[in-house]
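Structure first, commentary second.
The values are calculated or read from the model by the stated rules, or taken from the named source; none is laboratory data. Predicted, not measured: the structure shown is a model, and the values here were computed from it. Backbone-built Cβ (ideal geometry, glycine too); neighbour counts: all protein chains shown.
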Amino acid sequence: MKIRFAAATAIAIIVLCVIVFTMPPSESYQDPDTFWHIEVGNHILQDGKVPHTAVHTFYGDDKLPYVPHEMGFQIVIASLYKAFGWAGTYLLSAVCLLLLSLGLYRMMLVSRKELGFDSRGREPLLMLMLLPVIWGIYEIYFTTRPQMISAFLIVWFFVFLREFQMKQAVRYMILMPLISLLIANFHSGVWPVIIVFMGMALLESLFTRKLFNRRVGWKWLTVLLTVGGAGLLNVAGAKGVLFILTVTQDNFNLMINEWKAIQFNSMGNLTATLMLLTFVALLPFSIHKRFFRFEFMLGIFFLGVSNYKYHLFMWLFVLYFAAVVIEDVPGLRRFRLRLGSAPLIAGLVLGLAVNTVYNFQHTPQPNSFKYPVKEMDYIMETFKGPGRPKVMTLYGTSGYVMFRGADVLADGRQDPFITDETKTALGWTAFEQTINGFPVYVTDLVKANKPDFIIVTRKNASSRFYSTWVKDYGPAVKTGDFGYVFRTSPEGAGE
């Protein structure tokens, strides 16, 4: 038995290590938001204060109101980049993946405990279920954005909330407000999610009449007040934790792909479709006539089918339901092999450590075909000032352009750029101009916003539009992997 246990442990560690090591970190550097997060973080570190207006824009650094809702993440990611470059940012990805994996595993144990299932000997099966989920989350959602941090914080909050329902220990009354504080300062846009989770648990307590117990009732009241109060302790206050109301104003967010409804009938969304089908298939075997499981299922299903952004929650919580399904699988009912959590932790740590070392030795760089790398090299070398060059480009690449040292018409923050103050060409806001203006209305945008340079993609530079730009601005001053650079002002020539 000892030999069997040792062999199983070794195999589990090796499998986990190999799987984690084969998760390539290169794509985590290719998200457009990563660049402006780093630049805003640099701005905070240099000035020593959090900006409440958009920085590095055509309008100046003190004109457009901005709700700072990801300040903690921006400081951390900027500090890591400053210290270690792109390889340093992967350190955050590795730590977040480790904490998320441990949280998901703990969540499975809690789910089983709620229904009275013993998890001893079930560890290998739980680990096998965990692996494809963490792989999917890493591949799809770990793109060096605040959601890496908020994902594991939300999962751990949920774990402590469910454990608090079973035992109203003081430690949970401390840990949940602490996590609320962290979410509010690292990614406050998702903070309402934990409030919804608490509301579901509160309804469960009312349904089961546990809330009418005086000892339970006052502890619940304390948790509600402290979790809510902790969330308000962020630099933007109530506006920060209610940022979802700002970002969805007038449905401008629906112009961005990740906010659009998922087309589950498209082969491009096959992974999301498979996750949805898996989630639905698990439900008949995982609800067990429990009120909380039923309402929680409704909530996760709603989020999972809403859009790409919210679909993450289906990945995060599918294991809560899957963990108990193995009891209904005939071939697995009698399977027992006790391993504990040590192989899981060892495999994850070893795999991530090797991946991190490799990443420092062979650090991927931003893709020059996806972002104007060579084009910005030229602009920053030739522009002589004063100040930063004004560069007009597509919405998806403006964050990179700002990161490289230019001012932009609009970047990934969205909310400062949907205001009336930014309306110029065609009566569009700056956000609409960068989304819809290329390539048809480039000349109108240039006349209205007076940039020093414009960067257009090779795809956008069709013969008809290209000839118009050459006529108006002269030949392209730089041709790179991404596209073309046109100089549109004397300042752009450094004269």
Among the residues of the range 410-463, what is the count of those that are at pLDDT 90 or above and of a type in the set (Lys, Arg)? 3
Residues (of a type in the set (Phe, Trp, Tyr) and outside any helix (DSSP H, G or I)) located in the range 142-171: 142
Could you list all residues from the range 449-464 that are surrounded by fewer than 17 Cβ atoms within 10 Å (Cβ to Cβ) and over 31 Å from the mean Cα position of the chain (by Cα)? 450, 462, 463, 464
Do you know which residues across the range 350-377 are part of a loop (DSSP other than H, G, I, E, B) and either on the phi > 0 side of the Ramachandran plot or free of Cβ contacts under 8 Å to residues at least 24 places away in the same chain (or both)? 362
Any residue in the range 263-278 that is modelled with pLDDT under 95 and in contact with a Leu (Cβ under 9 Å, 6 or more places away or on another chain)? yes
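Among the residues of the range 10-19, are any more than 30 Å from residue 344 (Cα to Cα) and modelled with pLDDT of 65 or more?
No, every residue in the range 10-19 fails to be more than 30 Å from residue 344 (Cα to Cα) and modelled with pLDDT of 65 or more.
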Quick one: residue 62 ticks every box in (1) more than 22 Å from residue 29 (Cβ to Cβ); (2) crowded, with 19+ Cβ neighbours inside 10 Å; (3) among the acidic types (Asp, Glu) bar one, so which box is it? (2)
Of the conditions (1) closer than 25 Å to residue 445 by Cα; (2) touching a Ser or Thr at 6+ places or on another chain (Cβ under 8 Å); (3) without any contact (Cβ under 8 Å) to a residue 60 or more places away in the chain, residue 81 fails just one. Which one is it? (1)
Sole miss for residue 334 among (1) of a type outside the set (Gly, Ala, Ser); (2) in contact (Cβ under 8 Å) with a residue 12 or more places away in the chain; (3) not in a helix (DSSP H, G or I) is condition (2)
Identify the residue in the range 442-456 that is of a type in the set (Val, Ile, Thr) and touching a strand residue (DSSP E or B) at 6+ places or on another chain (Cβ under 6 Å) and, among all such residues, is nearest to residue 392 (Cα to Cα). 454
Among the residues of the range 52-78, which ones are in contact (Cβ under 8 Å) with a residue 60 or more places away in the chain and in a loop (DSSP other than H, G, I, E, B)? 52, 54, 56, 58, 59, 63, 64, 66, 67, 68, 69, 70
Subset of the range 378-398 (residues that are without any contact (Cβ under 8 Å) to a residue 24 or more places away in the chain and part of a helix (DSSP H, G or I)): 381
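From the list 179, 244, 174, 195, which residue is within 30 Å of residue 410 (Cα to Cα) and in a helix (DSSP H, G or I)?
None of the other options fit; the residue is 244.
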Of those in the range 361-420 that are among the acidic types (Asp, Glu) and surrounded by fewer than 16 Cβ atoms within 10 Å (Cβ to Cβ), the residue farthest from residue 432 (Cα to Cα) is 381
Among (1) more than 25 Å from residue 418 (Cα to Cα); (2) not in a helix (DSSP H, G or I) - the single one residue 139 does not satisfy: (2)
Against the definition (without any contact (Cβ under 8 Å) to a residue 24 or more places away in the chain and of a type outside the set (Asp, Glu)), how does residue 46 come out, yes or no? yes
